[in-house]
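The values are calculated or read from the model by the stated rules, or taken from the named source; none is laboratory data. Note that the structure is a prediction, hence the values are computed from the model and not measured. So basically every Cβ, Gly included, is an ideal-geometry build from the backbone, and we count neighbours across all protein chains shown.
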Amino acid sequence: MIESLHFISEILRVDIIIAFGFYSIAFFLVRYFSKHKEFLNDFDRTAIKVVIFSGIVFGILWIFRLFISYVEIENEMDKIAFIQRLTGKYSFGIWLQPLFWVLLSQLLWYKRIAKNLFSRVLLSLIFLVSFEMMVIITTSLHRDYLPSDWSFGLNIGQVMIGITGKVLVFVFIVCIIHLLLNWKKNEMKI
């Protein structure tokens, strides 16, 4: 069960929240050159709602995963160690990143942040960076680390295909939700 919750959390984090960062950058570029600004703004409102809801669900799933992990521990000493890890000196390492995702997604409630190009792109870029990624980059670039190859194993084409795929998955999910919401609105008018 814990694996299923982790899988759902990763879909929310990667395919919704992180993809929203790339989507936001593309959205402002498309909106700038498009003649259908009203439709795009309506679609963007749906995308923002999806990210806000996904952030809340991600936080609930994360807390639920912690609770299930604690319950599944059979040894009493392991339970004590688990609680100490969650409340000890370095507990910020466990709590900070999930709280960061949840709180950043909830900043989109503020229209000033959601509609402002600079703040939205800044927020989107923050969505793209995780603390784990910062630690890996910092240790990789440390002066005592001497790599034999500075490549990450991916070329620029593979990275662009991956980013495009994530944005398309996000847009597809938002399209389905947007169509369902508008269908429900139109049905209520009749």
Practice problem: For residues that are small (Gly, Ala, Ser) and in contact with a Lys or Arg (Cβ under 8 Å, 6 or more places away or on another chain), scanning just the stretch 18-37, find the one that is farthest from LEU128 (Cα to Cα). | Solution: SER24
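Which one of ALA19, ALA26 is over 19 Å from LEU99 (Cα atoms) and either modelled with pLDDT under 90 or surrounded by 16 or more Cβ atoms within 10 Å (Cβ to Cβ) (or both)?
Of ALA19, ALA26, the one residue that is over 19 Å from LEU99 (Cα atoms) and either modelled with pLDDT under 90 or surrounded by 16 or more Cβ atoms within 10 Å (Cβ to Cβ) (or both) is ALA26.
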Exercise. Output the residue which, of all residues in the stretch 148-167 that are surrounded by 13 or more Cβ atoms within 10 Å (Cβ to Cβ) and not charged (D, E, K, R), is modelled with the highest pLDDT.
Key: VAL167
Exercise. Considering only the stretch 46-93, state which residues are outside any helix (DSSP H, G or I) and of a type outside the set (A, V, I, L, M).
Key: GLU74, ASN75, GLY88, LYS89, TYR90, SER91
Self-check item: Candidate set from the stretch 104-125 (those that are without any contact (Cβ under 8 Å) to a residue 24 or more places away in the chain and either surrounded by 15 or more Cβ atoms within 10 Å (Cβ to Cβ) or not aromatic (Phe, Trp, Tyr) (or both)); member that is nearest to SER54 (Cα to Cα)
Solution: LEU107
Practice problem: Please find, within the stretch 94-147, the residue that is farthest from the chain's Cα centre (by Cα) out of those that are outside any helix (DSSP H, G or I) and at pLDDT 80 or above. | Solution: ASN116
Exercise. Sort through ILE60, ILE48 and tell me the only one that's at pLDDT 90 or above and surrounded by fewer than 16 Cβ atoms within 10 Å (Cβ to Cβ).
Key: ILE60
